[in-house]
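Take a look at the structure below.
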Amino acid sequence: MKICPSCRRELPEISRYCAQCGQRLHADPVEIPPPLPSPPPATPGPGQLNIEILYGMVATLSLAIIFPPWETPPSQAPEFLGLHFILSPPAADAVVSRLLLTIELVTIAIAGLYGSFLFRQKKP
């Protein structure tokens with residue numbers, strides 16, 4: 001049996017051309033090296049997160065910690081003071097709303113991670 005040097009198909013001895021690829025077969029047997037393993041197919045990766053949005057998220061989280069949401073003192077009717085204290089500070093016995101601060105920080109973190117994933121840089 002002859003082996004086609006192009007497609008490695010086994011052919012009868014009387015064949016002059018390969019029936020599969022049409023390659024001309026040599027009269028003398030040709031020593032063919034074993035085929036090299038093919039590299040794995042390149043699959044595009046998921047991409048890299050957008051680092052600018054992550055930096056923005058960290059800056060926003062820092063601002064949320066520096067300027068937390070305030071509530072009225074426990075002796076008064078409950079009221080959210082928000083960021084009003086930047087221009088006029090809240091009363092001396094006003095408290096930082098831990099629940100609102102937690103909600104604010106979690107929301108900023110989730111929005112930042114989702115935004116950096118949504119606007120990630122695609123790999124070519």
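In table form, for the structure just shown:
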{"quantity": "Per-residue SASA entry for residue 107, accessible area with 1.4 Å probe, Å² rounded to 10", "calculated": "80"}
{"quantity": "Exposure of residue 114 as accessible area (Å², to 10), given a probe of 1.4 Å and all protein chains", "calculated": "140"}
{"quantity": "Environment charge of residue 68, counting only residues whose C-beta is closer than 13 Å and scoring Lys/Arg +1, Asp/Glu -1", "calculated": "-1"}
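The values are calculated or read from the model by the stated rules, or taken from the named source; none is laboratory data. All figures in this text were calculated on a predicted structure; none of them were measured in a lab. Because the Cβ atoms are built from the backbone with ideal geometry, glycine has one as well, and the counts that use them run over all protein chains shown. Only protein heavy atoms, including side chains, enter the accessible area calculation; ligands, DNA and RNA are left aside. Shrake-Rupley method; radii C 1.70, N 1.55, O 1.52, S 1.80 Å.
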